[in-house]
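S.K.: This is the structure, below, for whatever I ask next.
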Amino acid sequence: MDNSDTEVLAYHQEEPKIPLRTHIVELFQTLVVFAAIGTAIYWLIAQPHKVSGSSMFPNFKDGDYIITDKVTYRLSEPTRGDIIVFKNPRDESQDFIKRIIAVPGDRVKISSGKVYLNGKLLDEPYLNDQIVTNSGSFMKEGEEVEIAPNHFIVLGDNRSHSSDSREWGFIQMNEIIGKVFFRYWPANEIGLYPAYYQITN
């Protein structure tokens, strides 16, 4: 047998078989890595939420699926007009979605169905013109509230069907989970959800 025959025979030698156990171990290791990455994203970067209820209708509807950005507020302060997800001040096992109306240093009041910010009627282009904002047990009719450091006033867009700061008062910075920035369901409304306006003084 010459050298060329030897090379051909060597070329056709079968690859050594990898035991099934090795494949299983590698698969398990891969799953662990992906789980660790997913957990890190969930706790540090972004978190999915499902909208429950009609407090933000029509901008967000019951059953919408959203992604909450958990990074932005580590780099900058929340601003008026931001839509946020936060812990229910009365039950931390629940998450709420509302809109920031007033930030630290602001003065806000409700009078005759309207919201006044720092002495001026608040322009709310995201609301239907017919929406009436009633007062509550915390934000009483005609009484101005001043926002303390690290505190915020939040309201639902669907004012007549929203449990919000009018009833239970301020939320604190450490209760905020993050800012809503993406809706991934329903299919016809998929997309980024930036604040296309900003509430000003």
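The values are calculated or read from the model by the stated rules, or taken from the named source; none is laboratory data. These numbers come from a predicted model, not from an experiment. Quick reminder, even Gly has a Cβ in these numbers, built from the backbone with ideal geometry, and neighbours come from all protein chains shown.
S.K.: Looking at region 144-154, which of its residues are touching an Asp or Glu at 6+ places or on another chain (Cβ under 6 Å) and assigned to a strand (DSSP E or B)?
M.R.: Filtering region 144-154 for residues touching an Asp or Glu at 6+ places or on another chain (Cβ under 6 Å) gives 147, 154.
If the condition is that a residue be touching an Asp or Glu at 6+ places or on another chain (Cβ under 6 Å) and assigned to a strand (DSSP E or B), then Val154 is the only one that fits.
S.K.: Has region 23-33 got any residue that is modelled with pLDDT of 65 or more, assigned to a strand (DSSP E or B) and among the β-branched types (Val, Ile, Thr)? Give the steps one after another, and end with the answer.
M.R.: Within region 23-33, the first condition is being modelled with pLDDT of 65 or more, and the residues that meet it are 24.
Filter once more, so that each one left must be assigned to a strand (DSSP E or B): none.
Within region 23-33, none of the residues are modelled with pLDDT of 65 or more, assigned to a strand (DSSP E or B) and among the β-branched types (Val, Ile, Thr).
S.K.: Would you check if Ser160 is part of a loop (DSSP other than H, G, I, E, B), in the same structural domain as Leu75 (by TED's automatic domain parsing) and touching a residue at least 12 places away in the same chain (Cβ under 8 Å)? So that I can check it myself, show each step before the final result.
M.R.: Working: part of a loop (DSSP other than H, G, I, E, B): no; in the same structural domain as Leu75 (by TED's automatic domain parsing): yes; touching a residue at least 12 places away in the same chain (Cβ under 8 Å): yes.
In short, no.
S.K.: Being loosely packed, with under 11 Cβ neighbours inside 10 Å and at pLDDT 95 or above: is that true of Ser137 here? Before you say what the answer is, go through the steps one by one.
M.R.: Numbers: loosely packed, with under 11 Cβ neighbours inside 10 Å: yes; at pLDDT 95 or above: yes.
Yes, satisfied.
S.K.: For residues that are among the small types (Gly, Ala, Ser) and surrounded by 12 or more Cβ atoms within 10 Å (Cβ to Cβ), tally how many sit in region 146-164. Steps first, please.
M.R.: Applying the first criterion (among the small types (Gly, Ala, Ser)) to region 146-164 yields 148, 156, 160, 162-163.
Still in the list and also surrounded by 12 or more Cβ atoms within 10 Å (Cβ to Cβ): 156, 162-163.
Matching residues across region 146-164 total 3.
S.K.: Separate question: Mind checking which residues of region 95-121 are of a type in the set (Lys, Arg) and over 24 Å from the mean Cα position of the chain (by Cα)? I'd like the intermediate steps shown before the answer.
M.R.: Residues of region 95-121 that are of a type in the set (Lys, Arg), as a first pass: 98-99, 107, 109, 114, 120.
Once the filter is applied, which keeps residues that are of a type in the set (Lys, Arg) and over 24 Å from the mean Cα position of the chain (by Cα), region 95-121 yields Arg107, Lys109, Lys114, Lys120.
S.K.: Let me ask another. For the condition within 18 Å of His161 (Cβ to Cβ) and of a type outside the set (D, E, K, R), what is the one hit in Val103, Val132?
M.R.: Details: Val103 fails: within 18 Å of His161 (Cβ to Cβ).
Criteria check complete, one pass: Val132.
S.K.: In addition: Would you confirm whether or not region 109-130 contains a residue that is at pLDDT 95 or above, at negative phi and touching a helix residue (DSSP H, G or I) at 6+ places or on another chain (Cβ under 6 Å)?
M.R.: Checked region 109-130: no residue is at pLDDT 95 or above, at negative phi and touching a helix residue (DSSP H, G or I) at 6+ places or on another chain (Cβ under 6 Å).
S.K.: So, one more: Among the residues of region 125-143, is any assigned to a loop (DSSP other than H, G, I, E, B), closer than 21 Å to Ser76 by Cα and acidic (Asp, Glu)? First the steps, then the outcome.
M.R.: Filtering region 125-143 down to residues assigned to a loop (DSSP other than H, G, I, E, B) leaves 125-140, 142-143.
With closer than 21 Å to Ser76 by Cα added as a condition, the list becomes none.
The answer is no, given that none of the residues of region 125-143 is assigned to a loop (DSSP other than H, G, I, E, B), closer than 21 Å to Ser76 by Cα and acidic (Asp, Glu).
S.K.: Starting from region 166-178, take each residue that is in contact (Cβ under 8 Å) with a residue 12 or more places away in the chain and under 18 Å from Gly81 (Cα atoms) and list its partners that are hydroxyl-bearing (Ser, Thr, Tyr) and surrounded by fewer than 20 Cβ atoms within 10 Å (Cβ to Cβ), counting only C-beta distances under 8 angstrom and pairs at least six apart or across chains.
M.R.: Arg166/Ser135; Arg166/Ser137; Met173/Tyr73; Ile176/Tyr73; Gly178/Thr72; Gly178/Tyr73
S.K.: Identify all residues within region 107-157 that are within 24 Å of Asp95 (Cβ to Cβ), of a type outside the set (A, V, I, L, M) and in contact (Cβ under 8 Å) with a residue 60 or more places away in the chain; write none if there are none.
M.R.: Hits for region 107-157 are Glu124, Tyr126, Phe152, Gly156, Asp157.
S.K.: Same structure, new question: Taking the condition in contact with a strand residue (DSSP E or B) (Cβ under 9 Å, 6 or more places away or on another chain) and over 14 Å from Phe152 (Cα atoms), does Val108 pass? It would help to see each step written out before you state the result.
M.R.: Values: in contact with a strand residue (DSSP E or B) (Cβ under 9 Å, 6 or more places away or on another chain): yes; over 14 Å from Phe152 (Cα atoms): no.
Against the criterion (in contact with a strand residue (DSSP E or B) (Cβ under 9 Å, 6 or more places away or on another chain) and over 14 Å from Phe152 (Cα atoms)), Val108 does not qualify.
S.K.: From the list Glu124, Glu143, Glu175, Glu167, pick out the single residue that is exposed (fewer than 15 other Cβ atoms within 10 Å of the Cβ) and under 26 Å from the mean Cα position of the chain (by Cα). Explain how you work it out, then say what you get.
M.R.: Numbers: Glu124 fails: exposed (fewer than 15 other Cβ atoms within 10 Å of the Cβ); Glu143 fails: under 26 Å from the mean Cα position of the chain (by Cα); Glu175 fails: exposed (fewer than 15 other Cβ atoms within 10 Å of the Cβ).
Just one listed residue meets the conditions, Glu167.
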